[in-house]
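The values are calculated or read from the model by the stated rules, or taken from the named source; none is laboratory data. Keep in mind that what you see is a predicted model, and the values were worked out from it rather than measured. Here the Cβ positions follow ideal geometry from the backbone for every residue, glycine too, while neighbour counts run over all protein chains shown.
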Amino acid sequence: MSENQKLIITPKTRVGELLDSYPDLEPVLMQLSPAFKKLKNPVLRKTVGKVATLQQAAALGNASVTELINTLRSEVGQQLFEGEVSGDDINYEKPAWFDPAKVSVSFDASPLIDSGQNPMQEVLGQLELTNAGEIFLLTTPFVPAPIIELISKRGYVHYCIASNEGPCSTYFIIPVS
């Protein structure tokens, strides 16, 4: 076993790090959820793969984190994961602040993502166009867990509406005190 294959697979393992250490796991990921097929795109793999954790990938793929981790661990001969998995911190429950009339800026990142580009800079630029109390709507082809995490660290709260059939709508707002 090479040095880089000693990576222990956990919910916080980055997707790119996993596939660099265990390239044979790519088809296993693809079988777990059709959403993971986007990782075949080399640009997405380099961008999203560097920032997205397996826990975030599970949310993206609408899969159980524990099942995902244990399937991957089983494939490489690691013991099953028995630890606690904290929530993915994605809010799917309609909050009191949500009002579609308060959406002041909308951005559809789907064309950028579908063409293999990383939309992060565009998203952050569009987000800056909103004021406190206004809502920013981000549309993506899947739950944008890494983007939600980054924007949440900037003081925003969010509400995510996702389905397997269509795009994901994520609403962001800076709470007004």
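Here are the numbers for the structure shown:
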item	result
Every pair of residues 6+ apart whose Cβ atoms lie under 8 Å, when the first sits in the stretch 37-62 and is closer than 23 Å to S163 by Cβ while the second is among the hydroxyl-bearing types (S, T, Y) and modelled with pLDDT of 75 or more	T53/T13; L54/T10; L54/T13; A58/S64
Given (1) in contact with a helix residue (DSSP H, G or I) (Cβ under 9 Å, 6 or more places away or on another chain); (2) outside any loop (DSSP other than H, G, I, E, B), number of the condition Q121 does not satisfy	(1)
Hey, F81 closer than 25 Å to L138 by Cα and either surrounded by 14 or more Cβ atoms within 10 Å (Cβ to Cβ) or at pLDDT below 90 (or both) or not	no
Candidate set: the stretch 110-142, residues that are closer than 18 Å to I173 by Cβ and touching a Leu at 6+ places or on another chain (Cβ under 7 Å); chosen: the one surrounded by the most Cβ atoms within 10 Å (Cβ to Cβ)	F136
Qualifying residue in the stretch 26-35 (condition: surrounded by 15 or more Cβ atoms within 10 Å (Cβ to Cβ), touching a Pro at 6+ places or on another chain (Cβ under 6 Å), at pLDDT below 85 and not assigned by TED's automatic domain parsing to the domain that holds I148)	no
Odd one out for S152, checked against (1) in contact (Cβ under 8 Å) with a residue 60 or more places away in the chain; (2) of a type in the set (S, T, Y); (3) under 15 Å from S110 (Cα atoms)	(3)
Members of the stretch 146-166 found to be surrounded by 15 or more Cβ atoms within 10 Å (Cβ to Cβ) and in a loop (DSSP other than H, G, I, E, B), listed by number	Y156, A162
Every residue from the stretch 93-130 that is free of Cβ contacts under 8 Å to residues at least 40 places away in the same chain and over 30 Å from P42 (Cβ atoms)	A96, D99, P100, A101, S104, V105, L129
